[in-house]
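A.B. asks: Have a look at this one before I ask anything.
The values are calculated or read from the model by the stated rules, or taken from the named source; none is laboratory data. Note that this is a predicted model, so its numbers are computed, not measured. Virtual Cβ from ideal backbone geometry, glycine too; neighbours counted across all protein chains shown.
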Amino acid sequence: MNNIKEEFISTLSHEIRTPLTSIKGFSKTMLDNWDSLDDEQKKKFLNIMVCQSQRLINLVENVLNVSKIDSGANDTVLTKVDVINAINSAIAMVKMNYPDIDFEFSIYSKEPVLADFNKFQQVLINLFDNAAKYTKNSKKVQISLKNNKNNAIITVKNFGISIDEKYFNAIFEKFFRIDTYLKSTAQGSGLGLYITKNLLELMGGRIEVKSGDSPKYCEFTIYLPLYEVENATKSALRFHN
Ligand SMILES: Nc1ncnc2c1ncn2[C@@H]1O[C@H](COP(=O)(O)OP(=O)(O)OP(=O)(O)O)[C@@H](O)[C@H]1O
Ligand SMILES: [Mg+2]
């Protein structure tokens, strides 16, 4: 237990220090060289500061979510959520950190879901962040939205890297990160997928992973109950009682 806590604090400190150091560095450089920097350079530095702040915000959201999940608290508020809107807004947030990544969004369904807007947003941000972060020789992330009879189905696919089947369960555990060279180049605390899986389950959804080697890709698929179906079930139950 103590080991886990120590590891948590040490990863977290690192995760906090990196963006903070960068924010401090760039703001100090701007202050010290204000007159010699042109507008273009100032804009570039401010952009980096915005990205790094966004990274800190995501991290704080994740840590808060972990402590809520682990305490068993359930503050889920289910409402009718427009999936296209939620996906577009999550893409916009993640794009700030990965301006070079091209997010392709294919829409085959317009059905709303019954979900907790904030939790759904956090799920999408974690999945899009992973897809943009764990990619090699590819600048593309493919997102698709369709539905079956009961669920909205969202897939997130990235290229150039694969996940060995033996890790398909472990990646959803708290703090687990696959030990590849990417572990040191791509920052992370191993919380994203643990939170994603738990938040989805709180909303009556689930997540699946697929991966292949020729060509290399990873694909995460989430299922969330459609609003109309859930509503119809509720009315039917009311009618019966
Ligand atoms: N889209 C993906 N492509 C390839 N590997 C992935 C992908 N998503 C997750 N992984 C692997 O699963 C591990 C766990 O992912 P998870 O999102 O939980 O943690 P993280 O990204 O390392 O850290 P955090 O999300 O807390 O910043 C990652 O470290 C990575 O090895
Ligand atoms: Mg992650």
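A.B. asks: Give me the residue from the range 21-31 that is surrounded by fewer than 14 Cβ atoms within 10 Å (Cβ to Cβ) and not polar (S, T, N, Q) and, out of that set, farthest from N62 (Cα to Cα).
C.D. replies: L31
A.B. asks: Go through (1) away from ligand 2 (no atom under 16 Å from the Cβ); (2) over 23 Å from A232 (Cβ atoms); (3) among the hydroxyl-bearing types (S, T, Y) and name the single condition Y108 misses.
C.D. replies: (2)
A.B. asks: Tell me which of these P215 doesn't satisfy, since it passes every other one: (1) surrounded by fewer than 18 Cβ atoms within 10 Å (Cβ to Cβ); (2) within 12 Å of ligand 1 (Cβ to nearest atom); (3) not β-branched (V, I, T).
C.D. replies: Exception for P215: condition (2).
A.B. asks: Determine whether the range 43-66 contains at least one residue that is in a helix (DSSP H, G or I), surrounded by fewer than 16 Cβ atoms within 10 Å (Cβ to Cβ) and basic (K, R).
C.D. replies: Yes: the range 43-66 contains one or more residues that are in a helix (DSSP H, G or I), surrounded by fewer than 16 Cβ atoms within 10 Å (Cβ to Cβ) and basic (K, R).
A.B. asks: When residues of the range 182-220 are filtered for being away from ligand 2 (no atom under 16 Å from the Cβ), farther than 22 Å from N58 by Cβ and in contact (Cβ under 8 Å) with a residue 12 or more places away in the chain, how many remain?
C.D. replies: Step one: of the range 182-220, the residues away from ligand 2 (no atom under 16 Å from the Cβ) are 201-206, 208, 210, 212-217.
Next, from what is left, pick out any that are farther than 22 Å from N58 by Cβ: 204, 206, 208, 210, 212-217.
Of the ones still in play, those that are also in contact (Cβ under 8 Å) with a residue 12 or more places away in the chain are 204, 206, 208, 212-213, 215-217.
Number of matching residues: 8.
A.B. asks: Of (1) closer than 30 Å to F120 by Cα; (2) part of a helix (DSSP H, G or I), M30 satisfies all except one. Which?
C.D. replies: It is condition (1) that M30 fails.
A.B. asks: Only one of these conditions is not met by A236: (1) out of contact with any Leu (no Cβ under 9 Å at 6 or more places or on another chain); (2) surrounded by 13 or more Cβ atoms within 10 Å (Cβ to Cβ); (3) among the aliphatic types (A, V, I, L, M); (4) closer than 30 Å to V77 by Cβ. Which number is it?
C.D. replies: The single condition A236 does not satisfy is (2).
A.B. asks: Give just the number: which of (1) more than 30 Å from L199 (Cα to Cα); (2) surrounded by fewer than 15 Cβ atoms within 10 Å (Cβ to Cβ) does V77 not satisfy?
C.D. replies: (1)
A.B. asks: With respect to L200, is the statement that it is within 23 Å of N74 (Cα to Cα) and either surrounded by 15 or more Cβ atoms within 10 Å (Cβ to Cβ) or at pLDDT below 95 (or both) true? Steps first, answer last, please.
C.D. replies: Working: within 23 Å of N74 (Cα to Cα): yes; either surrounded by 15 or more Cβ atoms within 10 Å (Cβ to Cβ) or at pLDDT below 95 (or both): yes.
Here the answer is yes, as L200 does meet what is asked.
A.B. asks: Right, something else. Could you say which residue among K210, K197, K183 is touching a helix residue (DSSP H, G or I) at 6+ places or on another chain (Cβ under 9 Å), within 16 Å of ligand 1 (Cβ to nearest atom) and among the charged types (D, E, K, R)? Walk me through it before giving the result.
C.D. replies: Working: K210 fails: touching a helix residue (DSSP H, G or I) at 6+ places or on another chain (Cβ under 9 Å); K183 fails: touching a helix residue (DSSP H, G or I) at 6+ places or on another chain (Cβ under 9 Å).
None of the other options fit; the residue is K197.
A.B. asks: Take the conditions within 17 Å of the chain's Cα centre (by Cα) and under 18 Å from T21 (Cβ atoms) and apply them to V66. Does it pass?
C.D. replies: Working: within 17 Å of the chain's Cα centre (by Cα): yes; under 18 Å from T21 (Cβ atoms): no.
Here the answer is no, as V66 does not meet what is asked.
A.B. asks: It is to be established whether one or more residues within the range 158-173 are closer than 16 Å to N88 by Cα and within 11 Å of ligand 1 (Cβ to nearest atom). Walk me through it before giving the result.
C.D. replies: Of the range 158-173, the ones closer than 16 Å to N88 by Cα are none.
Taking every residue of the range 158-173 in turn, none turns out to be closer than 16 Å to N88 by Cα and within 11 Å of ligand 1 (Cβ to nearest atom).
A.B. asks: If you check every pair at least six apart or on different chains, which have Cβ atoms under 6 Å apart with a residue in the range 1-14 that is under 14 Å from Q187 (Cα atoms) first and a residue that is surrounded by 10 or more Cβ atoms within 10 Å (Cβ to Cβ) second?
C.D. replies: Once the first residue is under 14 Å from Q187 (Cα atoms) and sits in the range 1-14, its partners that are surrounded by 10 or more Cβ atoms within 10 Å (Cβ to Cβ) give T11/S189.
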